[in-house]
1. Find the relative contact order for the chain and round it to a whole percent, using C-alpha pairs within less than 8 Å whose residues are 6+ positions apart.
2. What is the packing order of peptides 243-253, 304-314, taking the mean over residues of other C-beta atoms within 10 Å and listing the highest first?
3. Which residues in segment 229-261 place their backbone N less than 19 Å from a point set 7 Å from the Cα of Thr32 along the Cα-to-Cβ direction?
4. What's the local net charge at Asn306, with K and R +1, D and E -1, over the other residues with C-beta under 14 Å away?
5. Could you estimate the translational diffusion coefficient of segment 149-221 from the Stokes-Einstein equation, with Rh from the Kirkwood formula over C-alpha pairs, at 25 °C and 0.890 mPa s, in whole µm²/s?
6. Simple spin-label model, 7 Å along Cα-to-Cβ: Asp146 to Val44 in nm?
7. I'm a student and want to see the number: the projected area of the Cα convex hull of the chain, averaged over all directions, in nm².
8. Find which of Thr178, Gly105, Pro317 sits farthest along the positive direction of the dipole of the chain, computed with +1 on the beta-carbon of Lys and Arg, -1 on that of Asp and Glu, about the Cα centre.
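The values are calculated or read from the model by the stated rules, or taken from the named source; none is laboratory data. Just so you know, these numbers come straight off a predicted model, no measurement behind them. All Cβ positions, glycine included, derive from the backbone under ideal geometry; neighbour counts span all protein chains shown. For the accessible areas, the whole protein counts, side chains as well, though only heavy atoms, and no ligand, DNA or RNA atoms are used. Shrake-Rupley method; radii C 1.70, N 1.55, O 1.52, S 1.80 Å.
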Amino acid sequence: MTSQITLRRPDDWHLHLRDGNMLRAVLPSTATHFARAIIMPNLVPPVVTSADAAGYRDRILSALPEGSTFEPLMTLYLTEQTDPDDVAAAHASGLIKAVKLYPAGATTNSASGVSHFDSVRPTLERMAEIGLPLCVHGEVTDSDIDIFDREAVFIDRVLDPIRRTTPGLRVVMEHITTSNAVDYARSQDETLGATITTHHLVINRNHILAGGIKPHYYCLPVAKREEHRLALRDAATSGEARFFLGTDSAPHTDANKLLPCGCAGCFTAPNTMSILAQAFEEDGALDKLEGFTSLNGPAFYGLPVNEETITLTKGDPVTYPSHVETPDGPVTVFDPGFDLNWRVE
Ligand code: NCD
Ligand code: ZN
């Protein structure tokens, strides 16, 4: 029985760090275990220009714990006013590693996102030319589309048309939640990748709604039926290069989660590696964990793999603090609902 595994240090290919007090409070949780992370640009106001991204990067670096070598991989928030030249310059200088597409209104702080996909075509074409990936929040926002169907409908109505009209564009389907997304990813060539979160591997929609409403399990895209969770588990543990970890760790204070209209997001940064080890072991796939957390993402982004390693040891249940404190109040750490036996050394 395996009781210890050593992996190349993992990266997180989709992370919300926020800014100010929240940034300072949550950054250590990621920087402790992860070498790099793709940093989501949905601040208020969003990170839309290369100057915004440079400023945000500096704030992240100055919030890092002493001696940390964590590297934030910056992104720009795509708007209908985005200047393709600014994007290309930010890419050429090495400042950004991706551009993020939020359909307007799809999720937290997405009001400046895209409504008319034709208006961003020049930027997408430029990105295809220069090999800069587009990270996609794949949900339609039409009020007449059921929230549980929004990902599947997005694939047909928006994603597939973008893929067809912008050949060569590297696309990451982010935080996929359905078997439809798994199937679509598998139908595409190596220019398409897909991230899977920690929480979508371990919860389905019953966790949110059965036996009382659980705001800390509410995120977007919302968790779906069990059959979809199983499809995600199969994808994550398959070893296929197109699937990699993007935790979508999305901290909100409890005060902002526990409201009549509470925020979407699960805060998984502190215990993600323990949860993943538990899940991969349960599926007899511990040997696929390193690919998912540490190899497939760098390969998609054309970045070197990390030379450092981390070791996880199996033993008595490990506990994580239930909250991370911030000056604005506590942030609840995601509770997977089962014991965690894998400790990060
Ligand atoms: C994210 C957030 O809070 O910024 N929330 C979430 O539920 N995942 C936004 C996002 O990635 O959709
Ligand atoms: Zn996110």
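1. Result for the chain is 19 percent.
2. Numbers: 243-253: 26.9, 304-314: 14.6.
Ranking, from highest mean packing down: 243-253, 304-314.
3. 247-254
4. Values: positive: Arg8, Arg9, Arg36; negative: Asp11, Asp12, Glu71, Glu290, Glu307, Glu308.
Here the count lands on -3.
5. Working: Rh = 13.6 Å.
Taking Rh from Cα pairs, D becomes 181 µm²/s.
6. According to this spin-label approximation, the distance is 3.2 nm.
7. Values: hull surface 64.8 nm².
Computing the convex hull of the Cα atoms and averaging its projections yields 16.2 nm².
8. Pro317
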